[in-house]
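J.: Take this structure, written in structure tokens, and hold onto it; I'll ask about it next.
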Amino acid sequence: MPELPEVETTRRGIAPHLCGQRVRAVVVREPRLRWPVTPALARGLAGRRIDAVERRAKYLLLRAGDHSLILHLGMSGRLRLTPPSTALKPHDHLDVVLESDLCLRLNDPRRFGAALWWPGDPLTHPLLRALGPEPLSPAFTGDALYGRSRGRRAPVKAFVMDSRVVVGVGNIYANEALFLAGIHPRRAAGRISRARYGRLAGAIKTVLADAIGRGGTTLRDYVSADGSPGFFQLELCVYGRAGEPCRRCAMPVRRITASQRGTFYCPHCQH
DNA sequence: AAAGCGCCCTGAAGGC
DNA sequence: TGCCTTCAGGGCGCTT
């Protein structure tokens, strides 16, 4: 479900309700997420105050004193703010109950998500330490992409979805950015010019910023923390549009499989 | 080092 | 209606 814009929209939704709040209780109903949710998490977080809610890549970082709760929504995870008395739905795995009597509730049918308790700065966690630059930061540039791509024979789509290269570019936005930049998703990463990488970096920034501005993309069931959907799906140029006319040239959008992911592109506009 | 898979899960959709 | 297959917005970790 969530790519960077959906995670950022969720962060913006929950942060005002969490920051400065003390945690009254933590309820773990299903510890079998991607990694087991440990008793240390429930024990350690209860009673602490949440100081900040940040995002790195698609991870949400809740800072609580010198510790941190690291959340990842995987493919199907959702966070909702709700009174703790709200009836439970299937797959409501974790509650963080606040003293305000609101509750941050994690629902994740596929359980690819994660809730990790870390005794330190979340950015030093092994899963976060080696991540590439944030796409919306000044450190992410076409020159950076160009430099890292030399000698790479993998398709450019896989290259920009590699979190060591740049974080937060999932399948939807990789397809969209490559369309905006006019680059064929199967082109070898090492055989793209510096100028074209400049356009690609710009396209990634544009598409992610636009999607955040529209509250993310709602395809099936994504909703933000307050239950409202995103609207970026209305702007999609290629993702999920196989057979429909390209918005630029009207040629039918083509669907192929690349790196085991659905890949959409315009055969006329992208080379 | 880079690249390519398998795999962790459930649910929805489509074919028969 | 039901059963089966396929596919899904992620990404770790293993093998080559």
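The values are calculated or read from the model by the stated rules, or taken from the named source; none is laboratory data. Please read all numbers here as calculations on a predicted model, not as lab measurements. We place every Cβ from the backbone using ideal geometry, glycine too, and count neighbours over all the protein chains shown.
J.: When only residues in region A:13-37 that are within 16 Å of DNA strand C (Cβ to nearest atom) and surrounded by 18 or more Cβ atoms within 10 Å (Cβ to Cβ) count, which is nearest to A:Val53 (Cα to Cα)?
T.: So, considering only residues that are within 16 Å of DNA strand C (Cβ to nearest atom) and surrounded by 18 or more Cβ atoms within 10 Å (Cβ to Cβ), the one nearest to A:Val53 (Cα to Cα) is A:Gly13.
J.: Can A:Leu71 be described as within 16 Å of DNA strand C (Cβ to nearest atom) and surrounded by 17 or more Cβ atoms within 10 Å (Cβ to Cβ)?
T.: Answer is yes for this residue.
J.: Something else: Yes or no: region A:175-195 includes at least one residue that is among the charged types (D, E, K, R), within 23 Å of A:Glu134 (Cα to Cα) and modelled with pLDDT under 95.
T.: The answer is no; no qualifying residue exists.
J.: Is at least one residue of region A:72-91 among the hydroxyl-bearing types (Ser, Thr, Tyr), within 12 Å of DNA strand B (Cβ to nearest atom) and either in a helix (DSSP H, G or I) or farther than 26 Å from A:Cys19 by Cβ (or both)?
T.: Yes, there is a match, as at least one residue in region A:72-91 is among the hydroxyl-bearing types (Ser, Thr, Tyr), within 12 Å of DNA strand B (Cβ to nearest atom) and either in a helix (DSSP H, G or I) or farther than 26 Å from A:Cys19 by Cβ (or both).
J.: In addition: All but one of (1) within 16 Å of DNA strand C (Cβ to nearest atom); (2) hydroxyl-bearing (Ser, Thr, Tyr); (3) assigned to a loop (DSSP other than H, G, I, E, B) hold for A:Thr9, so report the exception by its number.
T.: (3)
J.: Please find, within region A:212-262, the residue that is surrounded by the most Cβ atoms within 10 Å (Cβ to Cβ) out of those that are under 18 Å from the mean Cα position of the chain (by Cα) and hydroxyl-bearing (Ser, Thr, Tyr).
T.: Among those residues, the one meeting the criterion is A:Thr217.
J.: Any residue in region A:39-61 that is in contact (Cβ under 8 Å) with a residue 60 or more places away in the chain sitting within a Cβ distance under 7 Å of a residue that is surrounded by fewer than 19 Cβ atoms within 10 Å (Cβ to Cβ) and among the hydroxyl-bearing types (Ser, Thr, Tyr)? List the pairs, counting only those 6 or more apart or interchain.
T.: A:Ala57/A:Ser163
J.: For region A:13-38, what are the residues that are part of a helix (DSSP H, G or I) and in contact (Cβ under 8 Å) with a residue 40 or more places away in the chain?
T.: A:Gly13, A:Ile14, A:His17, A:Leu18
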